[in-house]
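The values are calculated or read from the model by the stated rules, or taken from the named source; none is laboratory data. As the structure is a prediction and not an experimental result, all values here were calculated from the model. As a convention, Cβ positions derive from the backbone with ideal geometry for all residues, glycine included, and neighbour counts pool all protein chains shown.
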Amino acid sequence: MSASQRVKSFNGRHMLAIMLGFFGVIITVNMTMAYFARASWTGLVVENSYVASQQFNAKMAETRAQEALGWTSALTLEGGKVRYNLTDRAGHSVSLKSVTLKFMHPVDDREDTVVEMVRGGDGIYEAFHPLNDGVWLAEISADAGLEKPYRELLRLQLERGSRL
C-alpha cells in the first residue's frame, strides 16, 4: 500500500469516527439538558390562567375594601420566633380570631409550610418556626370576623434567621 493510499484510508476512517463522536457529544448534551429541564421546576404559576384572569376583578375589589380599613400590619422574624400584629387607624390592635402564615419560596415549593399562630399578649400572635436564610414569601391570613379574611403577601429577606 502506497503512502497516499494509507493517508486516504486513514482520513476516511478517522473522519467518520470524529463525526460520530462530535454528533454523539451534541446528542448526549441535549438529552442531559432535556432530562434536567423536565425534572426541575415546571414554571407553573396557576393551574388555569383563564379562570385566574376571570377572578382578577373580584380580587382587586377585595383588596380595595381591605385597604379602606386603614389597618397596618407588622411581621417580625428573629431567631425562629415569628410575631404578627395588626393595628387599626388609631394604633389599637385589631381583635383577631386566628392568624395563619404560609411561608413559600418564590421558585420552589418543597420547603413551603403553613404556621398557625397563637395569640400572645397585647394582640400579638406568635409562633416558633425557624426558616432557612434567603428569600421567602409570607402569605398572611387573619380572621377578623369580616366577610373575608384579611390577607397580605409579604416578600422577606432572611439572614441568620432574622428579617433584613
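Between 98, 53, 49, the distinction of being of a type in the set (Ser, Thr, Tyr) and in contact with a strand residue (DSSP E or B) (Cβ under 7 Å, 6 or more places away or on another chain) belongs to 98 only.
When segment 105-125 is filtered for residues that are at pLDDT 90 or above and over 23 Å from the mean Cα position of the chain (by Cα), the ones remaining, listed by number, are 118, 119, 124, 125. Scanning segment 60-76 turns up at least one residue that is in contact (Cβ under 8 Å) with a residue 40 or more places away in the chain, surrounded by 13 or more Cβ atoms within 10 Å (Cβ to Cβ) and under 21 Å from the mean Cα position of the chain (by Cα).
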